[in-house]
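A short write-up of the structure that comes next.
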Amino acid sequence: MTDQKLIHLTTDDLRIIPPGQRLVLNLEEHIVTLFWPETEKILAQGRFPPAAFGSLVVLLKAPRGASYAELLAGLHCSGEILRQILAARTIDDVPEFQQLASHWQDHLAEATSKLDEDPEALERELKPVRWAVKEKRGIQAIARKNGFGWRVRGLSRKGYVLLRAPTTTPAPTEAHVSLTASKTTAR
């Protein structure tokens with residue numbers, strides 16, 4: 001694998017990456033790996049279908065969330081535009097992507113204008129986005145299954161945002177409680 005295929009990102013590049021960790025995206029294989037560079041330990045890894053991968057790249061670079069039009073643009077943009085998005089601070093800094101998102105915004109507005117004649121028009125247009133984000137082979141399921149610690153939240157009929165999942169502190173086990181109790185009584 002050459003570095004041309006791999007994009008390395010850190011906390012400085014993405015707010016979703018915990019400090020000290022690194023995210024590597026393989027643009028050709030659509031494999032995403034979260035690892036700890038100091039020990040080279042892989043913390044999470046998953047292969048995303050092409051649609052989910054494009055949507056993931058958009059969500060990674062949209063800290064306040066991405067509109068449906070931006071997510072549709074991510075589904076239909078080239079690998080070169082995905083590379084530009086990953087190199088940019090946010091999706092707003094990639095003119096070619098913004099032009100594509102504007103096209104999809106117009107497309108969605110047209111579908112919305114036809115709702116009287118075709119009540120399902122808008123839903124049909126949004127279905128690929130919902131599949132890429134929320135279905136069993138979408139971002140949410142793959143991230144959960146592979147331990148990325150991410151969740152996707154809807155933005156009130158506007159789009160989605162990628163967030164770190166809340167971390168849960170495991171309940172103390174019986175052995176842990178016994179060990180703590182014996183340390184307390186030994187003092």
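Within the set of pairs 6+ apart or on separate chains, which have a first residue in the range 101-124 that is charged (D, E, K, R), a second that is surrounded by 16 or more Cβ atoms within 10 Å (Cβ to Cβ), and C-beta atoms under 8 Å apart? Pairs found: LYS114/ALA121; ARG124/ALA111.
Taking residues in the range 61-76 that are closer than 12 Å to GLN98 by Cβ, and partners anywhere that are basic (Lys, Arg), the pairs with Cβ atoms closer than 6 Å and at least 6 places apart or on different chains are SER67/LYS158. In the range 30-77, the qualifying residues are those that are of a type in the set (D, E, K, R) and at pLDDT below 95, and the one that is nearest to the chain's Cα centre (by Cα) is ARG64.
Among the residues of the range 137-163, just one is of a type in the set (Lys, Arg) and at pLDDT below 90, namely ARG157.
Can you report the number of residues in the range 123-169 which are among the small types (Gly, Ala, Ser) and under 18 Å from ILE31 (Cβ atoms)? Quick ask: steps written out before the conclusion?
Taking the range 123-169 first, the residues among the small types (Gly, Ala, Ser) are 132, 138, 141, 143, 147, 149, 154, 156, 159, 165.
Still in the running and under 18 Å from ILE31 (Cβ atoms): 132, 138, 141, 143, 147, 149.
Count: 6.
Just the residues that are touching a residue at least 24 places away in the same chain (Cβ under 8 Å) and over 17 Å from ARG144 (Cα atoms), please, taken from the range 29-51. If the condition is that a residue be touching a residue at least 24 places away in the same chain (Cβ under 8 Å) and over 17 Å from ARG144 (Cα atoms), then GLU29, ALA51 are the ones that fit.
The values are calculated or read from the model by the stated rules, or taken from the named source; none is laboratory data. All values derive from a computational prediction rather than experimental measurement. All Cβ positions, even for glycine, are placed from backbone atoms using ideal geometry, and neighbour counts span all protein chains on display.
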